[in-house]
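The values are calculated or read from the model by the stated rules, or taken from the named source; none is laboratory data. Everything quoted here is computed from the prediction, not taken from an experiment. Cβ atoms come from the backbone with ideal geometry, glycine included; neighbour counts cover every protein chain shown. Note: areas computed on protein heavy atoms with side chains; ligands, DNA, RNA excluded. Shrake-Rupley method; radii C 1.70, N 1.55, O 1.52, S 1.80 Å.
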Amino acid sequence: MQKRQPRRRSDIVRRKLKEESTAWINQASRHITDPTPSSTSGVRGQSASFTTDATQHAKKVSRFFRVGWRLLSFLLAGAFSFAIFTAWQSPDYMVSVVRIEGLQRLPENYVLDVLDIYGLHIFTLEPERVSQLIHQHFPELRDIRVKLSLPAQVSIHVVERQPMIAWQLKDDLFWIDSEGYLIPARGEVNQMLTIQADALPSYRLIGKEDASTDNVIRDKPKFKTYLDDLGFFSTPKQIDGNLLTAILQLNAWMPDESVLLYQEKRGIGWTDIRGWDVFVGSKLENINDKMLMYETIVRKLKEQGIQPSIVSVEFLHAPYYRLEE
């Protein structure tokens, strides 16, 4: 009996130890596989704290760049304003060099005196305005180009129209270039064909919106003006093409004649060395027939001993002569 009691105690002790060991293992397993609420809230708190710090840092960076760009814009505007003010006050930007290329007859100082741009601030000049001023005072110049170069140089390129015909109207004189444009007579030129006229030639206005190519002005009273007034040339005027062609044809037919005649009623002609004026009209399509008719009339007048003052073959079907003009 006494020997069985110690065995039961040892069994009880072993059983208790085994139960405690099993309970400890189960508790440890639950801690690993199923975290407690307190540990989960701690992790969430750390994550929220990290997110808040990142947001605040981003706001600080954004505020820094916003303030930085404003400051940079202010500094750039200030520097630009200072540069403009300095350039405006500096004498280095006052026009000191004006170059004109293309002049042949006109002296350069004529153009410079009209422009009067020496000493002006280069930033106040407009190339288009300078070009208009040149064209207004010098109608004989075309293809005008104006270039401004810093710090203070103005370059002007022009093409000067070359006169081919001198048109003498009483005490007034103007020139006609190879394209038929009327230009003021000034500058030195070689001897050229001269037309002694009693009226302005018929011409077209160039550059007028309401001017048709068929609108030929024949010295109407409202267009009469003094030819020494540059206002007459302010609007480009081109001689009627038929009249220009007739003048050139007659000059080619009679190259020794340096002076031709023009009358508004009779067209172009010349003074015969035998003492009378001859007119052939303003169109010379039948110049050969007109010259034959003229020689026939002169021969008959000579046979009759008649000295005419005018012989006209403007119209082949109705030639005539006059004894006195």
Any pair with Cβ under 8 angstrom, 6 or more apart, that starts in the range 71-99 at a residue that is under 22 Å from LEU148 (Cα atoms) and ends at one that is modelled with pLDDT of 85 or more and open to solvent by 100 Å² or more (accessible area, probe 1.4 Å): ALA87/PHE123; TRP88/PHE123; TYR93/PHE123; TYR93/LEU150; VAL95/TYR118; SER96/TYR118; VAL98/TYR118
Residue that is most open to solvent (accessible area, probe 1.4 Å) [pool: residues in the range 178-212 that are touching a strand residue (DSSP E or B) at 6+ places or on another chain (Cβ under 6 Å) and without any contact (Cβ under 8 Å) to a residue 24 or more places away in the chain]: SER178
Residues satisfying the stated conditions in the range 310-322, i.e. closer than 15 Å to ASP272 by Cβ and of a type in the set (A, V, I, L, M): ILE310, VAL311, VAL313
